[in-house]
Structures are given as C-alpha cells and as structure tokens.
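Read the structure below first, then the notes.
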Amino acid sequence: MTLILLFSPASMAAPDLLDPKSATHNTKPRLSFSTKPITLTPREESEVVATVMKWKTVTAIFLLVVLYLVMGAAVFRSLEQPHESAQRLAILSQKLEFLSRHSCVNQSQLEELVKQVVSAIRSGVNPAGTLTNHSSLWDLSSAFFFAGTVITTIGFGNTSPHTEGGRIFCIVYALLGIPLFGFLLAGVGDQLGTIFGKGIAKVEKMFVHWDISQTKIRVISTLLFVLFGCLLFVALPAAIFKHIEGWSALESLYFVVITLTTIGFGDFVAGGSEIEYLDYYKPVVWFWILVGLAYFAAILSMIGDWLRVISKRTKEEVGEIRAHAAEWTANVSAEFKETRRRVSVEIYDKFQRAASIKRKLSSELGFSPAPELTLPRRTVSVNFNDERDKIERDAGLQGLTTPLTRNSGLYMNGLDPERGDISIIEHLK
Amino acid sequence: MNSVGKSWLLLTGLIVFYIIYLLFGALVFSSIERPVEEQLRRDMDALKQEFLNQSCVSAASLENFLVRVLTANKYGVSVLRNSSVTSNWDLASSMFFANTLVTTVGYGHTTPLSDTGKAFSIVYALIGVPFTMLVLTACVQRIMYPLVIAPVCLLQRSGLEPRPATVVHFVLLLVLVVLCFFLMPAAVFSVVEVSWSFLDGLYFSFISLCTIGLGDFVPGTQPGQKYRPLYQVAVMVYLFVGLMMMYLLLRTFHKMSDLHGLTSFLQLPRCEDSDVDEDREPIVDEDSRTANHVTEKTASRHLDPASQPSYNTINKG
C-alpha cells in the first residue's frame, strides 16, 4: 500500500473531504495534470525543496511509532499466548494419543511423516484428503490470482513460488508490476473520486435549500463517503464471503480489512479453500480488490490527515499554552521588576532625603555625623531568591541596592513605603 | 480529443495493459511451478502409502491426525519433537508481528488465533498503517537533502548539466541501495539462517521490502535460533530502514522523471511538493528570500480549490 501510493501522488482525487468545493471542482479527472513544459533550473530544484520537517517533529513521531508498536506487542501477547499454549497442548496430546492407539508406529516415523507433510503444505500441496479431486494451485486462474497478489503487494502467501526460476521471475515481475499497478490505482482512484464528487455536488444542492452551515456539510459528506464506501466495499463483500466461504462474520471482516490494507496474511484467502467455486468468483474478487484498494487508500489517507491535524492542533494548543505561560511569566516578572525598581528608587530617594535632613539637622545642632543610617525597625527580613537579585542586576539597580532593599520585602514590617519616610524622620527625632 | 476523453482513454488503456500483464504472469508462473507441484503431490501420495503400509494405522485416523496437525501448523504451532519451546507470541515476536501489520508486509507466519486478536488487529492496522506512512515520509523528507539534493548540486557544480546529473545520481543511488539493502542482507541471511541459500535471502529481502510479504521465508522462525529476540528486532530495523530507502528511491525517480518531462509526456501527475508546514524549517538558509517566495506561492496555491491537497499529500510529506 505504501509503495503503491507513492506512484499516485496528488492525482488520486477522492476529493479533499474537508472542502466540498474541491469535490465539485474535481469533475475534470485529474489524470491529465499539467501540460506546462517543465523547465527546472538547478536553483529552482533547491527552491522547491527548501523546507523539511524539523528533527524534533520527526523524532517525536518516530518515538510515537515505537511506542505504538510496543503497545501493540503487549496487547497481542496477552491476547494470543494463552491460545497458543492451548493449541500446543492440544496437538501434543493428539500426537500422544495417536501413538498410543497405533502402537506399531514409532515416534521417529511419525515425526518424519509430519515434517514431510508440513513442508508439503508450505509448498501449497495439501496431503490431507484425497488427491484426485484437487485443483492445482497453479492452474491459470489461481496463477492469475497469485500474480495479482504480488503486484498489489498484498502477498497472501498461501501459494508462493518454490522453484528458483519461479522466484527470480517473481522478483522481476514485481519490479515492473508494482509501479504499473500504482499508476492504475491512481487512475481508478481518480475516477472514483470524480464519481463521488458528482454525488456530493448533488447532495450539496439539496442541503443548500435547507440552509446548513459549511462545516456541517463537510462533516456530513465525509461521513457519507465513509459509510457508503464501507457498505459497498467492506460490508457487502464481507457478507458475500461469509456466505460463500463459510467464515464467521468477524473472520470475513478481518479478511476484508487485512486484504484491502495490502497486509495480506494469508490465513484467510477468498478462493483458497477446497470449495467448488463459481467460474466468475475469482475475477470478481480481483476486481473488488482493485476498487476496494482505491477506497481504502482514501480512508487511510484521511486517517493520516486527521492524525496530522490532531498532532498539529495539539502542537498548536501546547504552543498556545506555552505562549500563554511565557507571556504570563513575562508580564509578572516585568511588573515585579517595575515595582521593585519603583520601590527601591523611592526608598533610595527617601533615604537620600533623610540623609540630607539629618545633615541639615546635625549641622544646625552641631552633632557629629552619625554612622551609616540603618532602619533599626527592620525586624522582618524576607529572603529573596537569587532571581530577584538577577532582575535587579539586570535593571541596573545593583548600585542602588543597599542591605535595606535586598533583604526586605515590599512592605517592610508591614509599613507602607509611602509612610516609610515618616518613620525615618520619627526615628531621627 | 479533449482532456477528459484522453484521460478515460488512458485509463482504459492502463486497465487493458494491466490485465494482459497479469495474464502473462499467470502463464509464466503456471508453466514454471505446475510440474513441480505435480511431482510433490506424487511424492506425498507415495509417502502416505508407505506409512500406511508398514503400520497399523487406518487411513481415516491418519487423515484426522494430519488435519489437526496442519491446522495447528497454520498458526505456527509445531508438533515436532525438536521444535523450540519459545512461543510465537513472546514480546519480541509480538512486536515483530505488529511491525509486519503496520508496514503492511504481512508475512502470515503467525496470525491471530483468537477472535479478540483478530478484532484488535483490524483496529490496530487501520490506525497504524497511516501512522507508519506518516513516519516514513517524514524520515524520507529529512534524508532527502543529504542524500539527494546535496549530491545533485555537487554534481552540477562540477560541470554536469542538470538532466544528466540527476540520472547519474539516480543510478549511483540505485546501485548503493541494491548493494546495501539487497545483496548484503541476503549474504547475512544465508549465513545466519541455516536452510537459506543466497538466492533465498535475496528473494526474501525483495519480497519484504516491496511489502508483498508472501511469508514463505521468515527470518527467526527456525527452531533453535540463537538470540531470537535480538535477531527479530534487528530484522525489524532492517525492514524499516529498507522501506525508507525504497521510498527515497521512488521519490528520486519521480523527481527525475519530472525533470525529464516523462511525467508530462505520459500525462501523469507531477511530483508536487506539498505545502510548507509550520513544523518545517528551511534547510537552505541563504536563500531565505526565495524560501519566502516559495512559501508565498504555496500559501496562495493552498487557497485555490482546484489545488487542494488531495488525500495522499501525506505520502509526499
């Protein structure tokens, strides 16, 4: 799926489902894309690829994927291991029972037989059951099916080439066939998108009468696309498989999803069991795979877009929160700085005034100049942290910080700075 | 003929050619494989007869037993004596399984047995596959510059014209990728895996890196494999990096064919670079003006409904 989609960039026009306008615009199939002659200068090349995702984003996404894998592994283990152990016990007891019931068979003989049988199964030959009414796994229609699974990169694996020549040919065949299928998928996706776009346009015309908002229309059209496609390409085939192949509902759905995402385990294969199939069954299955792949490519890309949008929005929100926080911190610290500066300037002013008053008084009264005036009532000393020192340093107030300003709070001893001067003068008196 | 008619014609032509290609492949596979299959069938028949002849086992009970064994084997549970007691669902193997699920390789050597496992696989795949695509394109975008743009510029500065420069670079890159991601791993696998030949290793590398994943060869599933968890993790890393390199190759090829006018000649879509995202930083710093020009252009292009990024811009990054 991943490789195939690379061959169909920007042409698979399942319409951009977030914008119905583009859907209607897609009435012209986009296979014929640009007819401008391409003149790329080297500088233009570098222009065109001037941006790339940040390392941080890439590593973040990568870590997320690893986390996703580990989570999946843990869940699978917890779900499957008990079943596996049960299976193992069952089959071992079967073997012992068989050996005990048929005493002429010794264990090594049995092992040998089982080994051969298992390797035969791997080669696609099923020795269980009579061999006469087996259809070959390499008759024309099955080989056609196999070639299809190779080119679509689904790769079920219920049949696989075992000769050296077959394998080499498989490699060469896939090398040429996968791009070819990629282009085909692009074309089919285009047409699918066009058909769907026309349908959306018609539905939109209806909704215009009802006067519903654009976003609602978009959401509805997305939902319609998903639902309708699911019905046509998932639910209906699943029901058909359930009926014809005899699988359970879950198994049919599982097969549909595993096939259309091109994972293709091969534990369930339509047309792979020993049932008598109708002649046109396999070609119809192949055609369904082709169109269903185009639909699934659309769905998966949509999910991818959502993941991107979610991650972008989360980033935005986180960015917003961070911006808000930064803004708030900046505001608060600026205010704080401002207040500190104001207060310290005021205090310094008052201090200077007090000193000058004192000098005047002392010169008038003939006192000797007193030592450095300190406020004795400074009993409360709130310790600032270093940041405030830094702020003050930044504000260039370092020279003005006296022990007074450094060790006291905004409100010294509960005194208001505005009233501080009164207490100084009172003290002096 | 107008463009609509032309595109329909092109599409039908493609479909017809595709069917012919499939038929051709079917014929070749059939003629190569069928005789071998017949031979194996006959061998099996003889084996069963031989077994039944020399023992007291009835055909019916043997059938019964075989069916049970094969069902168990389908899920990876072996009944042989020397099969290792390591589970197929311990943490490393489960992670390997999850990895084959999200990269869409899907070997199928172990598949979920329980119904819950199957249901969970469905949901896990539906979310994990686009997720992986996103990661791969992001990584490819990132390594595109040192591995593609810079060398091409280097080649051009040393005197080559743009078109031959891209061809030369592409060929070099191709040779490098084939050497490092096909031939070398094939050699390693043929040494580490007991029963694989070099061709088997090469076949495995190719089938895995194209995400076909037939599952006839899966590393680390032989009984008695030493350091199995480490080995499986190493194979996972190899698969991821290899897929990335395949992407890179395809992208380079697409750009090259753009340059050579191949895509416009075949009227195929051009390799468009997607819009500038916020989580992207310019890597050509000196051309900041031109980068701004590009962002303006792409920003205005974004508004034109005809050029809305289609659903797989995700693949172009």
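With R₀ fixed at 45 Å, the C-beta to C-beta distance from B:Val241 to A:Ser333 puts the FRET efficiency at about 0.45.
Residues A:Leu236, B:Leu113, B:Leu173 in ascending order of nearby Cβ atoms (within 10 Å, fewest first): A:Leu236, B:Leu173, B:Leu113. Extending 7 Å from Cα along the Cβ direction at A:Phe287 and again at A:Gln107 yields two label points whose distance is 5.6 nm. What FRET efficiency would be calculated for the residue pair B:Gln49, A:Ile275, taking the C-beta separation as r and a Förster radius of 22 Å, to the nearest 0.05? The formula returns an efficiency of 0.25 here. For A:Ile195, A:Ile310, the sequence from fewest to most other C-beta atoms within 10 Å is A:Ile310, A:Ile195. In a DSSP loop and with at most 10 other Cβ atoms within 10 Å, the GluC sites (Glu not before Pro) in the stretch A:276-340 are A:Glu276. Cross-link pairs exceeding 24 Å between alpha carbons, from the set A:Lys242/A:Lys282; A:Lys115/B:Lys48; A:Lys312/B:Lys118: A:Lys312/B:Lys118. At full extension, A:Thr215 and A:Ala60 could sit 52.7 nm farther apart than now, given 0.36 nm per residue minus the alpha carbon distance. Here the spin labels are modelled as points 7 Å beyond Cα on the Cα-Cβ line, and at A:Glu164 and B:Leu23 they lie 3.3 nm apart.
Between A:Leu180 and A:Ala326, the simple label model (points 7 Å from Cα in the Cβ direction) yields a spacing of 5.5 nm.
Read-outs: derived from the displayed coordinates by stated rules, not from any lab. Keep in mind that this is a model prediction, so the values were computed, not measured. Glycine also receives a Cβ, built like all others from the backbone with ideal geometry; neighbour counts cover every protein chain displayed.
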